[in-house]
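The values are calculated or read from the model by the stated rules, or taken from the named source; none is laboratory data. Just so it is clear, the structure is predicted and the values come from calculations on it, not from any experiment. In this analysis, Cβ positions are derived from the backbone assuming ideal geometry, glycine residues included, and neighbour counts consider all displayed protein chains. Heads up: the accessible areas ignore ligands, DNA and RNA and are worked out on the full protein's heavy atoms, side chains in. Shrake-Rupley method; radii C 1.70, N 1.55, O 1.52, S 1.80 Å.
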Amino acid sequence: MPMMQVSQKLVDNGVQVTFAITESLHKQLLANLSSSLKEGVHNDPHRIRLVSRPEGLEYQNQEKASDYLEELVMKINEINGGNNGEEKVSCVIADAGVYWAYEPAKKMGLKIAMFCPTSLAVTAMTLHIPKLIEAGIIDEN
């Protein structure tokens, strides 16, 4: 998982990371962790903090997905508003496929970066689809 690897590099360099994953993946990961690691997931600032999000949220309704992101950031910031040594959310790094994260992050005044984990070949092909359609090589379907 390239996004998880990027997250770990950020953590290794002192950045606090909260990683939002689907509920089913969250349950699967927690089920495979030892009990000592489960405690550390929530208490160790040198670990990636995992939070779950509803399955298929972005496919059901982008407005609902945007609202979820805003609520998550507000909840984290509220929890971290105390003196527990953790910082408030200042940046969102989203998989390029989660393009809907841009607007709520911008609305909240957060920095945002899009991360594209696909290979260069897939990215190049995707960027050239409009040219292939225009040239009549492929159709819109």
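Could you compute the net charge surrounding Ile133? Neighbours are other residues with a C-beta less than 14 Å from the C-beta of Ile133; K and R count +1, D and E count -1.
Working: positive: Lys131; negative: Glu134, Asp139, Glu140.
My count for the surroundings of Ile133 gives -2.
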Net charge dipole size for region 59-141 [Lys, Arg +1 and Asp, Glu -1 on Cβ; Debye, nearest 20]: 220 debye
Length released on extending from Gln28 to Ile48, taking residue separation times 0.36 nm less the Cα-Cα span: 5.6 nm
Accessible area of Ile138 in the full protein assembly, 1.4 Å probe (Å², nearest 10): 70 Å²
Solvent exposure, largest accessible area first (probe 1.4 Å, DNA, RNA and ligands not counted), of His128, His26: His128, His26
Overall dimensions of region 51-141 by Cα: Rg and Dmax, Å: 17.6, 61
Amide proton proximity set for Arg53, modelled H, under 5 Å, gap of 5+: Ile21, Thr22, Glu23
Extension gain (nm, one decimal) between Leu110 and Thr18, 0.36 nm per residue minus Cα-Cα: 31.7 nm
Built amide H within the under 5 Å cut-off of Asn61, gap 5+: none
Sequence-distant residues sharing a close amide H with Met108 (under 5 Å, placed H): none
